Amino acid sequence: MINNNKKLVAIAISGGVDSAVAAHLLLQKGYEVIGIFMRLNDNYKPAEDAARLVCEKLGIKFYPLNIAEKFQKEIIDYYIDAYQGGQTPNPCVRCNKMIKFGELFKRAMDLGADYLATGHYIKNVEFRMSDDEMTYKLLKGEDQNKDQSYFLYNLSQDLLKKIFFPLADYDKADVKKLAEKLDLPNLKTESQDVCFLPGEHNDFLKGKIKLESGEIRDLNDKKLGEHQGLPLYTIGQRRGIEIGGTGPYYVVKLDYVHNILYVVNNYNDTGLFRDELFVENVNWISGKEPVLPFACEVVIRYRHRSVECVIGKAEISDDGQKSYHVKFSQSQRAIAIGQSAVFYRGNELLGGGVITR
């Protein structure tokens, strides 16, 4: 246990430039800082070495934490199971909920930290509602190209009161310049979207899932070729269909009952567009469900442009979950079950949930 009169902040130190600069900024503000590193799999050593050097350079204590078992169960196994079940999961959303702001947050508090900080580009803004009541809002970061709010819609008010995002008002170029000026050690490669994949996504799944080949057909039920196994495909996908001659083709439907992959050869085929979706496991950042129906904007996948929508009255689905109907102002292309629909009002992150249909 660590005791100090200063407020103690545990920074999730990854070995990358973002967390290194975030740690420096916390020290500049007068906090006592410790670095906590997540050992997630067998490939952690280069990142841990870089993270340790950052902490040595900054003069802060370094704590490597083994979270590999939890990461395997909650993220990797989830990823495999979702594809096997015909979904297109978002492991980064789940990792932020279960690992970074779940297990890692708990470990930080166990070490005696008052706060957890990360190198995310997002703003946590505090508002005073009364003398004894505060509320927290999440806003997009200053660098819109690095905005990571899409992945953080599961944060709660209880967590936000103990979380810092030091890079909220910085852009990536300035962060890199500051790291160079301070001569902060860091990994020179950017983290990849799915950190546990050693190579190609499909190669990983082929080693984890028993795949059954089947027919590829067009919407007139004409056979066009053979697929390698439905879990290797998602709605809107072009790459990997491998039908020669008349393409390109895009996945429009996956029939798991008959093991058929349906495709179209027009990027803008009407079958790829929908004007509604349904979401479950919805979290509202405010902690309170808005009065429905509710108008806002929605993003249906990371880096996708937001579209105006209306969230309709929630209903209880067949599995007992609260299901929200989302109606778009303009039809959206390639909506994938298992991805997240994330709600905004301007720059404010309101919440989000998992697309179920």
- When we measure straight from the Cα of K288, which aspartates and glutamates land under 18 angstrom away, once same-chain ones fewer than 8 places off are left out? E126, E133, D158, E280, E297, E315, E348
- Note on the structure: For the range 239-252, in residue order, the Karplus 3J(HN,Hα) values (coefficients 6.51, -1.76, 1.60; θ = phi - 60°; whole Hz; Gly and Pro = x) are 5, x, 6, 6, 10, x, x, 10, x, x, 10, 10, 5, 10
- Query: Cross-link partners among aspartates and glutamates for K70, C-alpha distance below 15 Å, same-chain residues fewer than 8 apart left out?
  - Reply: D42, E103
- Query: If you average the sequence gap of Cα pairs under 8 Å that are 6 or more apart and divide by the length of the range 1-57, what percent do you get for the contact order?
  - Reply: 40 percent
- Message: Please give me, ordered by residue number, the chymotrypsin sites (Phe, Trp or Tyr not before Pro) of the range 163-254 that lie in loop per DSSP and have at most 12 other Cβ atoms within 10 Å.
- Response: none
- Specify the longest stretch of the chain that does not include any exposed loop site, a site being one of the GluC sites (Glu not before Pro) with a non-H, G, I, E, B DSSP assignment and at most 10 other Cβ atoms within 10 Å. 1-189
- Note on the structure: Quick shape summary for the range 272-355, equivalent ellipsoid via Cα gyration tensor, semi-axes whole Å in descending order, reads 18, 16, 12
- Message: Nearest 5 percent is fine: what portion of the DSSP beta bridges confined to the chain is antiparallel?
- Response: 70 percent
- Task: Would you mind telling me which residue in Q84, Q28, Q330 has the biggest mean-square fluctuation in a Gaussian network model of the chain, where springs connect alpha carbons within a distance under 10 angstrom?
- Result: Q28
- One finds, for S156 and L182 with R0 = 22 angstrom and r their Cβ-Cβ distance, a FRET efficiency to the nearest 0.05 of 0.05
- Pick out which of D171, D18, D158 has the largest mean-square fluctuation in a Gaussian network model of the chain, springs linking Cα atoms closer than 10 Å. D158
- Distance from the Cα centre of the range 16-95 to that of the range 261-320, in angstrom? 30 Å
- Message: On a straight-distance basis, which lysines could pair with K222 in a cross-link, Cα separation under 17 angstrom, same-chain partners fewer than 8 positions away excluded?
- Response: K253
- Note on the structure: For V282, the net charge from surrounding residues (Cβ-Cβ under 10 Å; K, R +1; D, E -1) works out to -1
- Which ³J(HN,Hα) values in Hz, rounded to whole numbers, follow from the phi angles of the range 74-90 under the Karplus curve 6.51 cos²θ - 1.76 cosθ + 1.60, where θ = phi - 60° and Gly and Pro get x? 7, 10, 5, 5, 4, 4, 5, 4, 5, 5, 5, x, x, 10, 10, x, 10
- Message: Need one number: nm distance between label points at I316 and R274, each 7 Å from Cα along Cα→Cβ, rounded to one decimal.
- Response: 2.4 nm
- With DSSP loop assignment and no more than 14 other C-beta atoms within 10 Å, the trypsin sites (Lys or Arg not before Pro) in the range 142-222 are K161, K188, K210, K222
- Message: Checking the table K45/K210; K6/K161; K137/K181 against a 26 Å threshold on Cα-Cα, which pairs fail?
- Response: K45/K210; K137/K181
- Note on the structure: Scoring the chain by relative contact order with C-alpha pairs under 8 Å, at least six apart, yields a percentage of 16 percent
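Since every read-out is calculated from the coordinates, none of them should be taken as a lab result. The structure presented is a predicted model; accordingly, all values stated were derived computationally and were not measured. Methodologically, a virtual Cβ is constructed for each residue, glycine included, from the backbone with ideal geometry; neighbour enumeration extends over all protein chains shown.
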